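Student: Dropping the structure in here first, questions after.
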Amino acid sequence: MNHHHPLRSHSWKVLFGCGALAVSTWAGCSFLFDDSLEGLPLQGDVIAPDRFPQLGTQPAREVYLMSDSDGLPWVALPEVAQPSLVFPQPPQSETVRLFRLDAAAPLDGRAQKELRSHHNVITSHVVYLIEPPAGQAGDTGMPAEPTLVTAFSPGLTYSAQKFTLPSGAEYLLPSSSDAAFVWWTAKGADRAIYLVRTDGSYLRKLPAPKGASIEQVRMFFDSSGDRLFVQDQDSVLTVYYSKTEQLLDLGKQPRVLIFAPGQRVLLSCSDKGVKSLAISTATAMTLDDAPCDPDIFRVQGADLYYKSGTQLRRVAHQGGTAPEVVLAGAEKEVGQLFTLSSQREPLYSLDGPLRFGAGIGDGWLGDWQLMTRGRRPTFSSDGQKVYFLENAARSDGGGELSVGRIAERSLQTLARNVRNFQMLSDGRTLAIANAAFKGPQNRLIVLDEAAQSARWVVDSARDFVRIPGTDDLLVKIVVGQNGFDIRRVPIPLR
């Protein structure tokens, strides 16, 4: 039996008439509610969320996939804080629940863990539990007592390293590997930077950089976490090592920097051109002396793509070749580079990144315009199709899920008001649809182009993430304004 909901009787297409950068407030914007665009017909019965197991008993505000030291999947669910009727109010506390997700997870309780702290930072391998001194939480003055930071790594035999660090309005920057992190209280009594190995094997106190805030000072790790790069407000770049006292002074460098593959070289973009800098020797090499515009600056394989004037250009990031003009931009300058096909053909936009918002604009493959105000263009695995969200200059992050078939230069709308989508290896596509705003009308569906139909996966779904190594999803189910029930939902068979 099909069930009907008053909000489901129409799947509205919502278009913004702001004509400018999407903003968080809707003042001054006009809306067009239009039910004319057709998507694949939705077939089958509504599938209620309570058909699937729930993780935890309280609403969660977010879902963080993690892995332990053995590479096994976990999830961290920070719970929505429940209002207290006690007066005076008890100290603030946040709860994070951890669950191991693989089929071999034991049932004796070791595959679950509850963590509590004043606040936390959650990464791919570590939950940082932060406890400021009592009565001084969030103080930007000069607290006398230290803050306790616990780096908790999930596992059946878990690791929990504790650190006492200066108090104040902290800045915590983990490396992508979670091997090291930075702790900096830029306006506290102790303005030094603390470079910490997460396993507790090493801690290094670095001098305070020139610059009063993180907006003036730039910090980033390499992928291993073994090197921290600090660029002060005068653009002087220093490399600090997280295992030894070694440092490298790389002098004044452009503010736009990215790693070349292998991370032994930094690539820079400025009005003085495109350059490479060997980190270990501080040796610079000019790759192109034409002025570089950071609106486009990215590495793809052996090449570096960048904007210069109205042109999209390309050069080998290792040097040794002359720069090449990819798109001349004679009539109108190239605004954004979305992605590249497997044949290195650029999918680009003539709209600048500030016209409708970063990553939004018209979209072109050669002389074929397939997007008007699109975002997130993604090539299929065989390179024959492009999926994207159309009419996406919206503050809700959504659009009409569309597919462009390259050989025929044809376009088709698959689903409306989509805010997230993911292609499956069998050619189908998962999508959160009917989601112009958060509410019970949101739903997760699976789209089958071969059958030209769509089917329910689960109702009231706002977002999803696939569990690595499985055919299951963690799905956010709308239960209120502030949080979500988290359900484990299998991807339906074709």
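Student: Using alpha carbons only, what's the Rg to Rh ratio of the stretch 427-478 with Rh from Kirkwood?
Tutor: The Rg/Rh ratio comes out at 0.99.
Student: Okay, moving on. Just report the Cα centroid separation between the stretch 257-296 and the stretch 205-231, whole Å.
Tutor: So the two Cα centres are separated by 19 Å.
Student: Quick one: what are the phi-derived ³J(HN,Hα) couplings along the stretch 48-63, Karplus 6.51/-1.76/1.60 with θ = phi - 60°, whole Hz, x for glycine and proline?
Tutor: For the stretch 48-63, the Karplus curve yields 6, x, 6, 6, 10, x, 9, 8, x, 10, 10, x, 10, 8, 7, 10 Hz.
Student: Explain nothing, just the number: relative contact order of the stretch 261-334, from Cα pairs under 8 Å at least 6 residues apart, as a whole percent.
Tutor: 20
Student: Right, here's the next one. Could you sort the peptides 348-357, 226-235, 179-188 by per-residue average Cβ neighbour count (10 Å cutoff), highest mean leading?
Tutor: 179-188, 348-357, 226-235
Student: Something else about it: Give me P(r) over the stretch 261-334, computed from all C-alpha to C-alpha distances, binned every 10 Å, as integer percentages.
Tutor: 21, 55, 20, 4, 0
Student: Still on this structure, I have one more. Sorted by mean Cβ packing within 10 Å, highest first, what order do the peptides 310-316, 112-118 take?
Tutor: Top of the packing list down: 310-316, 112-118.
Student: Tell me, what ³J(HN,Hα) does each residue in the stretch 112-126 have, in order and in whole Hz, if you take phi through Karplus 6.51 cos²θ - 1.76 cosθ + 1.60 with θ = phi - 60° and put x for Gly and Pro?
Tutor: Listing the rounded values in order: 9, 8, 10, 10, 10, 6, 4, 8, 8, 10, 10, 10, 6, 10, 9 Hz.
Student: Moving on. In the neighborhood of Asp448, defined by Cβ-to-Cβ distances under 15 Å, what is the net charge if each Lys or Arg adds +1 and each Asp or Glu adds -1?
Tutor: +2
Student: Further question on the same structure: Just the ratio, please: alpha-carbon radius of gyration of the chain over 2.2 N^0.38 Å, N its number of residues. Walk me through the numbers on the way to the answer.
Tutor: On the way: Rg = 25.0 Å, N = 494, 2.2 N^0.38 = 23.2 Å.
Working it through for the chain, the quotient is 1.08.
Student: What residues qualify as long-range amide H neighbours of Lys272, i.e. H under 5 Å apart, gap of 5 or more or another chain, H built at 1.01 Å from N?
Tutor: Here Cys292 satisfy the definition.
Values quoted throughout were computed directly from the atomic coordinates according to the rules given, and no laboratory measurement underlies them. Quick caveat, the model's predicted, so the values are computed rather than measured. Virtual Cβ from ideal backbone geometry, glycine too; neighbours counted across all protein chains shown.
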